[in-house]
Amino acid sequence: VQLQASGGGLVQAGGSLRLSCVASGYTFSSYYVAWFRRSPGEEREFVAAISRNGGSTWYGDSVKGRFTISRDNAKNTVFLQMSSLKPEDTAVYSCVAAMYPSKMTLIQSYDYWGQGTLVTVSS
């Protein structure tokens, strides 16, 4: 199972970015997928998660109303559309996956990790 995140970059405050997480090596539609982020000196933070068929989504309080998670199982890809970005959104964003996460917001619930992508939001 491999996950590869991409789409990070430098953006001004108020701007938008779309991250992608491409999966390989397993039946993608059998897994919940989530995004976590980590800023320097901070603990890892839950960003968003999506169910196997995309029918259910969960968001961290700090990104509700600004970020949208979605998936395209035909393309083995999960997206994170980020809008109204703030400097405090600056972090390395990583995607993770699990068949049966015990708690959606808990990083230990996930079995597979992808290499992160850096998002930098300038003020």
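The values are calculated or read from the model by the stated rules, or taken from the named source; none is laboratory data. Fair warning: this is a prediction, and the values are worked out from it, not measured in the lab. To get the accessible areas, we keep the full protein, side chains included, count just its heavy atoms, and leave off ligands, DNA and RNA. Shrake-Rupley method; radii C 1.70, N 1.55, O 1.52, S 1.80 Å.
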Evaluated at q = 0.20, 0.32 Å⁻¹: base-10 log I(q)/I(0), Debye formula over Cα of the range 29-78: -0.69, -1.21
Relative contact order %, the chain, counting alpha carbon pairs below 8 Å whose residues are six or more apart: 36 percent
28 Å Cα-Cα reach of Lys86 towards lysines, excluding residues that sit fewer than 8 places from it in its own chain: Lys64, Lys103
Rounded accessible area per residue of the range 73-112, 1.4 Å, Å²: 49 Å²
